[in-house]
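To start, the structure itself, in structure tokens.
The values are calculated or read from the model by the stated rules, or taken from the named source; none is laboratory data. Only a predicted model underlies this, so the values are computations on that prediction, with no experimental measurement involved. All Cβ positions, even for glycine, are placed from backbone atoms using ideal geometry, and neighbour counts span all protein chains on display.
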Amino acid sequence: MACEPDAVRELHLLRERVSKISGGSLKIDAMPAGQVVPAFEVLDATNRKVIDGAHSWSGYWVGKSKTAILMTGGPAARSAWT
């Protein structure tokens, strides 16, 4: 679709490439946030094997892993560069 955000188009491209490279043995299902588990529970759901993996923001994991903040860029990191 022409109106899709760049991230959605990139996800579709990634999904197609992974399927092609793996000969169809790996499949990526793109689902909206909250479809399987609430957004803040993605890490726990992956750990419990409810889902195989997910894309999320590590700032949501700060209460679960003290190192998670190191992967977020810190508070207001994006606005510091704009």
Would you call LEU11 surrounded by 12 or more Cβ atoms within 10 Å (Cβ to Cβ), at pLDDT below 90 and in contact with a His (Cβ under 9 Å, 6 or more places away or on another chain)? yes
Which of the residues that make up the stretch 47-58 are farther than 25 Å from LEU70 by Cα and either surrounded by 14 or more Cβ atoms within 10 Å (Cβ to Cβ) or not assigned by TED's automatic domain parsing to the domain that holds MET71 (or both)? none
With respect to the numbered conditions (1) under 25 Å from SER65 (Cβ atoms); (2) modelled with pLDDT of 90 or more; (3) not in a helix (DSSP H, G or I), which one is the sole condition not fulfilled by ASP44? (3)
Among all residue pairs at least 6 apart or on different chains, which show Cβ distances below 6 Å where the first residue, located in the stretch 27-42, is assigned by TED's automatic domain parsing to the domain that holds LEU14 and farther than 21 Å from GLY63 by Cβ and the second is surrounded by 14 or more Cβ atoms within 10 Å (Cβ to Cβ) and polar (S, T, N, Q)? none
Tell me, which residue of the stretch 14-30 that is assigned to a loop (DSSP other than H, G, I, E, B) and surrounded by 10 or more Cβ atoms within 10 Å (Cβ to Cβ) is nearest to the chain's Cα centre (by Cα)? ALA30
